[in-house]
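> Below is a structure I'd like to ask you about.
The values are calculated or read from the model by the stated rules, or taken from the named source; none is laboratory data. Predicted model only: the values in this text are computed from it and were never measured. Cβ: placed from backbone, ideal geometry, glycine included. Neighbour counts: every protein chain shown.
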Amino acid sequence: MKLLVFTAATGGGHLRAGHAIVETIEKEGTHQAVAVDALKEVGRVFDKIICGSYLFMARRTPKFFGKMYRQSNKKNLFSGLVPTITSWVSGRLMRCIHREKPDAIVTTHPFAASMAAALKEKGKITIPVLSVITDYGTHRAYLAENRADGYILATEDMIPELESWGVPREKAHAFGIPVHPQFFEKVPRAQARKALGLDPELPLVLFMAGSFGVSNILGIYRDLQERMGAEKPRCQLIVITGRNEKLYKTFEEEIARGTKLPTQLVFFTNEVEKYMHAADLLVTKPGGLTVSEALASDLPLAAFDAIPGQEEDNAAFLARHGMAIRMKTDAEAGPAIAGLMADPERLAAMQAACRAFDKHDCVERIVELCQELGVRN
């Protein structure tokens, strides 16, 4: 079987989910898969408008983005724009479909789901179409007007709302969000810390800070230095800044002035799983894929600076199931993180909750569902 995975670059999560499907299938070696950016296939201008609008609103006007997100999640004229627009441009995906000749299409972006489902409704394709929802809350945009053959959900919690929107129960599959297989590798934390040149016995707090503002993350860092390094270090820190050069330089200067807590600074890395396996707590924005990668690594989270909309839904899900603490302001972040690191029993319970949320067979189950739907078709 060959899967065509349509994804898009509105944030890195949709791309990472798509490529995780491909990598997992390639690793198993029994099927084929290829990932294609659906928005780029439609056209460069269309891609720039969609991706540029998302990035601008999410970063510059998050409150407005949250209002737009909530409004588009209601059944109204505004939410109907997505299926209308995507139906108009859906035919531009046919060249890719003819080229790849897939047995099924899996999408990891709502626009891609809507386009693929429109092609099926028009009779241009007959193969199965699955829509993967890459967050822990539901949104109507992924449902493609209920024209997809199935919906892959992060958690069973999402099923009742889909049913209330008219999605038949048999179309809802809580397989999880696809993540790269290396995150599921079980590595003892002490061993993982030693491999990174860290103290294997000292608890580790990992900051994935690239999307944070420089001032707020630096303030949290300094607060932790005072709270947990007053006498002797009670934890060690890793700060991953991603490609945020300003943030990296700021922390480089901060560390050079001396720290009470041992700190390792990392720029961009393709080996995030090694740091997650070594950490006891992850401080991050709760994007759907980052959350899923952490859960696969049995790593609790301190969710901070959530974008209104899907990231707030993700943080709420984690807190509800005892896998994260939520921090809504800079002032409460330092005390919350320090308090959790000083409570090993609570931290262990959160780690156990992450471990129990096991979705390691997500991609395998997606492939099996595609095969089953293919037989039905």
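> Would you confirm whether or not segment 67-87 contains a residue that is among the aliphatic types (A, V, I, L, M), buried (at least 18 other Cβ atoms within 10 Å of the Cβ) and within 18 Å of Leu4 (Cβ to Cβ)?
There is no residue in segment 67-87 that is among the aliphatic types (A, V, I, L, M), buried (at least 18 other Cβ atoms within 10 Å of the Cβ) and within 18 Å of Leu4 (Cβ to Cβ).
> Suppose the filter is under 20 Å from Ile240 (Cβ atoms) and among the basic types (Lys, Arg); does Arg140 pass it?
No; evaluated as a whole, the condition is false for this residue.
> Do we have any residue at all in segment 219-231 that's outside any helix (DSSP H, G or I) and aliphatic (A, V, I, L, M)?
Among the residues of segment 219-231, at least one is outside any helix (DSSP H, G or I) and aliphatic (A, V, I, L, M), which makes the answer yes.
> Using beta carbons and a limit of 6 Å, which pairs, at least six apart or on different chains, have the first residue in segment 80-96 and at pLDDT 95 or above and the second one surrounded by fewer than 18 Cβ atoms within 10 Å (Cβ to Cβ) and of a type in the set (Asp, Glu)?
none
> Please specify each residue of segment 274-288 satisfying the condition of being assigned to a helix (DSSP H, G or I) and either at pLDDT 95 or above or over 14 Å from Glu312 (Cα atoms) (or both).
Scanning segment 274-288 gives Lys274, Tyr275, Met276, His277, Ala278.
> Out of Leu196, Leu204, which single residue is touching an Asp or Glu at 6+ places or on another chain (Cβ under 7 Å) and at pLDDT 95 or above?
The unique qualifying residue is Leu204.
> Does any residue of segment 271-280 turn out to be under 14 Å from the mean Cα position of the chain (by Cα), under 18 Å from Met341 (Cα atoms) and of a type in the set (Gly, Ala, Ser)?
no
Results for (1) out of contact with any Cys (no Cβ under 9 Å at 6 or more places or on another chain); (2) surrounded by 22 or more Cβ atoms within 10 Å (Cβ to Cβ), shown as yes or no for each residue.
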| residue | (1), (2) |
| --- | --- |
| Glu245 | yes, no |
| Thr250 | yes, no |
| Ala256 | yes, no |
| Thr284 | yes, yes |
| Thr290 | yes, yes |
| Glu293 | yes, yes |
| Ala296 | no, yes |
| Thr329 | yes, no |
| Ala342 | yes, no |
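> If only one of Glu231, Glu226, Glu170, Glu161 is modelled with pLDDT under 95 and not assigned by TED's automatic domain parsing to the domain that holds Ala338, which one is it?
Glu161
> So Gly137 ticks every box in (1) within 26 Å of the chain's Cα centre (by Cα); (2) surrounded by fewer than 24 Cβ atoms within 10 Å (Cβ to Cβ); (3) assigned to a helix (DSSP H, G or I); (4) of a type in the set (Gly, Ala, Ser) but one. Which box is left unticked?
It fails just one condition, (3).
> For segment 97-117, which positions are more than 26 Å from the chain's Cα centre (by Cα) and free of Cβ contacts under 8 Å to residues at least 40 places away in the same chain?
Within segment 97-117, His98, Arg99 qualify.
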